[in-house]
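Participant: Here you go, one structure.
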Amino acid sequence: MISKVFLDHPKSVDETYLEHARFAGTFSLKLFGAGFAALVHALVPAMFDKTASRMIAEMYAKTHNRGQ
């Protein structure tokens, strides 16, 4: 059970538990940053014009083929 919950997914993307935790934690912080940029852009359209879109595209490029 512990292996299934904590280890199977990281192993499927060729990472240890800690490597995966670091990657996912960093990814989460970047998503918060993109969300903040989008919120500021919603309030002040001249700011962060393409920041959230660029950040999400970069994150997608790093993840869409992981584990394949």
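Participant: Okay, helix-only estimate at 222 nm for the chain: each DSSP H run of n ≥ 4 adds -39500 (n - 2.57), divide by all residues, round to 500 deg cm²/dmol; what do you get?
Facilitator: Result for the chain, helices only: -21500 deg cm²/dmol.
Participant: Got a sec to turn the phi values of the range 27-38 into Karplus ³J(HN,Hα) couplings, 6.51 cos²θ - 1.76 cosθ + 1.60 with θ = phi - 60°, whole Hz, x for Gly and Pro?
Facilitator: Couplings: 4, 4, 4, 5, 5, 4, x, 5, x, 5, 4, 5 Hz.
Participant: Given an 8 Å cut-off on Cα distances and at least 6 residues of separation, report the relative contact order of the chain as a percent.
Facilitator: Numbers: 33 pairs, mean separation 19.9, N = 68.
Value for the chain: 29 percent.
Participant: Give, as a single signed number, the net charge of other residues whose beta carbon lies under 14 Å from the beta carbon of ALA38, with Lys and Arg counted +1 and Asp and Glu -1.
Facilitator: +2
Participant: Charges only on Cβ, +1 for Lys and Arg, -1 for Asp and Glu: so what's the dipole of the chain about the Cα centre, in debye to the nearest 20?
Facilitator: Roughly 40 debye for the chain.
Participant: The chain: longest stretch without exposed trypsin sites (Lys or Arg not before Pro) (DSSP loop, at most 14 other Cβ within 10 Å), sites themselves excluded?
Facilitator: By the stated rule (loop sites, at most 14 other Cβ atoms within 10 Å), 1-49.
Participant: Follow-up. Residue-wise, which Karplus ³J(HN,Hα) couplings in Hz belong to the range 57-63, taking 6.51 cos²θ - 1.76 cosθ + 1.60, θ = phi - 60°, and x for glycine or proline?
Facilitator: So the J values, rounded to whole Hz, are 4, 5, 5, 4, 4, 7, 10.
Participant: What lysines does LYS50 reach when the alpha-carbon gap must be under 27 Å and sequence neighbours fewer than 8 apart in one chain are set aside?
Facilitator: LYS30, LYS62
FYI, it's all coordinate maths here, none of it is from the lab. All figures in this text were calculated on a predicted structure; none of them were measured in a lab. Counting neighbours? That spans all protein chains shown, and the Cβs are built from the backbone with ideal geometry, glycine included.
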